[in-house]
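The structure appears below as structure tokens.
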Amino acid sequence: MLKWLDIIKFANNGTPGPDKRVEKTPEEWKAILTPEQFNITRLKGTERAFSSDLCSYFDPGKYACVCCGTELFDADTKFESGTGWPSFTQPITENAVGYHKDKSLGMYRIEATCNTCDAHLGHVFPDGPKPSGLRYCMNALSLKKIEVTERKVDFGGGCFWCTEAIFQQLKGVLKVESGYSGGTVVNPTYREVCSGGTGHAEVIEITYDPNEISFDDLLRIHLTTHNPTTVNQRGADRGSQYRSIIFYRTDEEKQLAMRIMDEAQKSYTDPIVTQLERFEHFYKAEDNHQDYYNRNPDGGYCQAVIEPKLAKLRHLYTDKLKPV
């Protein structure tokens, strides 16, 4: 996660290089851009505040540079800043956006540009929401919305080695990453999370195709492949980092989660204690925690703890599994 000190460092010393470069003459840019887009992106103009509906548009998707198509921001990082311009807390990748000192108005600002084609996007300020504290104040005309079918959801249900292995087996699941969420420390380490002092839970972030597997089905599988009735304990794993938790991104997801939890309660004698919280940020865990079961299938923990969970998954959800 980038913080304000990172932005200052990049502005002073240069941004990490882009994955590719796109360069055109002014005439070539004029041929593919509207006059308003050209003025904003190539001449460093600024659109009028509240002139675009993009400020209040929060549907899932990605935002790309209107000039070269480079993906710059994910809708997950978009927020309502009240400034009249679309605002984000983080770029999609560290090297997607370029940073430059700007004193054009007699004040010190950090200009944000597309790192691929140098299009002017807007400015970055240190007055955004936690945890990054950043506000990427972008001109709507510098961006184009890319509709995507994929969605994300974050679950905690004990050791993330187990939950990762379970959801990797499902049709429609495109990617599963292990990490931390729900705490107060930025970029926590595994050791810090295990101490219980950061407030984070071990979670997985699932990227899935809703045309192949539904949010409802993912919730049902989550609530039936771990014990959601024990507080801060999943088998021998004890501590708040192992709590059962569901992070929702929209009010609709919250309502769906409440309904599925009520439905799942019928299968348990004890009350479900799974927490339900609004998603704020996912911190990816260290590389040695990623794809753990597939890298260590014969390991003692995998055989003793994970394999029985996978056997239960195969028994309950045969029709949801990827072909072997």
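The values are calculated or read from the model by the stated rules, or taken from the named source; none is laboratory data. Everything numeric here is computed off the predicted structure, so don't read it as measured data. Cβ placement follows ideal geometry from the backbone for every residue including glycine, while neighbour counts extend to all protein chains displayed. The protein model used for the area step is the full one, side chains on, heavy atoms only, and it has no ligands, DNA or RNA in it. Shrake-Rupley method; radii C 1.70, N 1.55, O 1.52, S 1.80 Å.
Overview of results
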read-out: Shape call, the chain: gyration tensor on alpha carbons, a/c limit 1.5; value: prolate
read-out: Given LYS20/LYS254; LYS62/LYS284; LYS130/LYS320, the pairs whose alpha carbons are separated by over 29 Å; value: LYS20/LYS254; LYS130/LYS320
read-out: Counted charge near ASN227, where neighbours are those whose Cβ lies closer than 12 Å (Asp, Glu -1; Lys, Arg +1); value: +2
read-out: At R0 = 35 Å, FRET efficiency that the Cβ-Cβ distance of VAL231 and LYS3 yields, to 0.05; value: 0.55
read-out: Potential lengthening between ASN12 and LEU43 on full extension [0.36 nm per residue; Cα-Cα distance subtracted]; value: 8.9 nm
read-out: Heavy-atom accessible surface of region 190-252: percent carbon and sulfur, 1.4 Å; value: 43
read-out: Gyration tensor (alpha-carbon) shape descriptor, region 133-287, a/c threshold 1.5; value: oblate
read-out: Restricting region 57-149 to chymotrypsin sites (Phe, Trp or Tyr not before Pro) in coil, as DSSP defines it, with at most 11 other Cβ within 10 Å; value: TYR108
read-out: Computed FRET value (nearest 0.05) for GLN275 with LEU316, which takes r as the C-beta separation and R₀ as 30 Å; value: 0.80
read-out: Prolate/oblate/rounded call for region 19-166, Cα gyration tensor, a/c under 1.5 rounded; value: prolate
read-out: Of the GluC sites (Glu not before Pro) in region 132-199, those whose Cβ has at most 13 other Cβ within 10 Å and which sit in DSSP loop; value: GLU147
read-out: Fraction of antiparallel bridges per DSSP, the chain only, in percent to nearest 5; value: 90
read-out: Top of GLY122, GLY156, GLY133 by mean-square fluctuation, Gaussian network on the chain, Cα under 10 Å; value: GLY133
read-out: Positive minus negative residues near GLY299 (Lys, Arg vs Asp, Glu; Cβ under 15 Å); value: -2
read-out: Alpha carbon convex hull of region 1-88, volume per residue in cubic angstrom; value: 140
read-out: Gain in span if fully extended, ASP298 to ASP53, counting 0.36 nm per residue against the direct Cα distance; value: 82.8 nm
read-out: Per residue, in Å², the accessible surface of the chain once ligands and nucleic acids are set aside, probe 1.4 Å; value: 48
read-out: Length released on extending from VAL185 to GLU150, taking residue separation times 0.36 nm less the Cα-Cα span; value: 9.8 nm
read-out: List LEU105, LEU256, ordered by accessible area with a 1.4 Å probe, largest first; value: LEU105, LEU256
